1. Where the second residue is within 13 Å of the ligand (Cβ to nearest atom) and of a type in the set (Phe, Trp, Tyr) and the first is assigned to a helix (DSSP H, G or I) and lies in the range 16-40, which pairs have Cβ atoms under 9 Å and are six or more apart or on separate chains?
2. In this structure, is GLU175 out of contact with any Ser or Thr (no Cβ under 9 Å at 6 or more places or on another chain), more than 16 Å from the ligand (Cβ to nearest atom) and modelled with pLDDT under 95?
3. Being modelled with pLDDT under 95, within 19 Å of GLU187 (Cβ to Cβ) and not small (Gly, Ala, Ser) is true for just one of ARG110, ARG87, ARG82. Which residue is that?
4. Would you please name the residue that is surrounded by the most Cβ atoms within 10 Å (Cβ to Cβ), looking only at residues in the range 59-83 that are small (Gly, Ala, Ser), in a loop (DSSP other than H, G, I, E, B) and within 15 Å of the ligand (Cβ to nearest atom)?
5. Given (1) away from the ligand (no atom under 15 Å from the Cβ); (2) in contact (Cβ under 8 Å) with a residue 60 or more places away in the chain; (3) farther than 24 Å from ALA219 by Cα, identify the lone condition not met by THR114.
6. What do you reckon, is GLU192 closer than 20 Å to TYR3 by Cβ and free of Cβ contacts under 8 Å to residues at least 12 places away in the same chain?
7. Of the conditions (1) within 16 Å of the ligand (Cβ to nearest atom); (2) surrounded by fewer than 19 Cβ atoms within 10 Å (Cβ to Cβ); (3) within 17 Å of ALA203 (Cα to Cα); (4) not aromatic (Phe, Trp, Tyr), ASP107 satisfies every one except a single condition; which number is it?
8. Give the range 22-33 a look and list any residue that's more than 13 Å from the ligand (Cβ to nearest atom) and open to solvent by 20 Å² or more (accessible area, probe 1.4 Å), or say none.
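The values are calculated or read from the model by the stated rules, or taken from the named source; none is laboratory data. All figures in this text were calculated on a predicted structure; none of them were measured in a lab. Here the Cβ positions follow ideal geometry from the backbone for every residue, glycine too, while neighbour counts run over all protein chains shown. We work out accessible area using only protein heavy atoms, side chains counted, and drop any ligands, DNA or RNA first. Shrake-Rupley method; radii C 1.70, N 1.55, O 1.52, S 1.80 Å.
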Amino acid sequence: MSYFALVPAAGSGARMGGALPKQYLPLAGGPMISHALSVLASHPRIDKVFVVLAEDDAHWTSYNWLPFAGRLKILRCGGATRAESVRNGLAAMADAVGDDDWIMVHDAARPCLTHTQIDALIAGVAEEDVGGILAMPVADTMKRGIGGAIVETVPRTGMWQAQTPQMFRHGVLSEALVTLSPDITDEASAVEAIGLQPRLIEADSSNLKVTYPFDMQIAEWILQSRAGPA
Ligand code: C5P
């Protein structure tokens, strides 16, 4: 069984504001996407990292990717949604991978991923048929709000926040993404929709998704604090 990574990076990052797509924002000495790619491409179990870009992405080629030589495969087949980008990526990589090979789908916007987190995902999921995801038990009290007012307190017992990587066999994930409904916001929700139950592998909050400008400062701090002496 082989392991591959698939990084959807065809979004515009509208919630961050600004003209440069989120995955290319400067962070700790490189474009944001370079951090996750570096961790995935240097993991000893991962054979290759597939990166899904928007067809008209004009930014990728302005960076130096030589340090990743031979470890990345660029697929210019991004779709209108994240799920569509992943589905297109799975189809484009199909010649290179087997149905039972594991695919770790990871957001370009989660730059603080570590080898330890990948190892935990592999250890927790590799013996499973379906697959699983990194996630964190919800710590805060959860409120449902409408029009700025609380209409309900949602019991947090058993609630988890989904992260990436999300690891599924290529065949299962391709099947799950045949039909794209708006309810599909991650790979696990697509797999759940075909009646399967992915595993939850407990991670930690350092694997945050950069969504709003302040998240950049937290990610920068995490990455800088890990950087050892040169
Ligand atoms: O915008 P958001 O943070 O939810 O995006 C998560 C990931 O999905 C990012 O890496 C983004 O580039 C990617 N994406 C994509 N195609 C889209 C929208 C988002 O590959 N159409």
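1. Filtered contacts from the range 16-40: MET16/TYR212; TYR24/TRP60; MET32/TYR24; ILE33/TYR24; ILE33/TRP60.
2. no
3. So the residue among ARG110, ARG87, ARG82 that is modelled with pLDDT under 95, within 19 Å of GLU187 (Cβ to Cβ) and not small (Gly, Ala, Ser) is ARG82.
4. This residue is GLY78.
5. Condition (3) is where THR114 drops out.
6. Against the criterion (closer than 20 Å to TYR3 by Cβ and free of Cβ contacts under 8 Å to residues at least 12 places away in the same chain), GLU192 does not qualify.
7. Among (1) within 16 Å of the ligand (Cβ to nearest atom); (2) surrounded by fewer than 19 Cβ atoms within 10 Å (Cβ to Cβ); (3) within 17 Å of ALA203 (Cα to Cα); (4) not aromatic (Phe, Trp, Tyr), the lone unmet condition for ASP107 is (2).
8. Result: PRO26, ALA28, GLY29.
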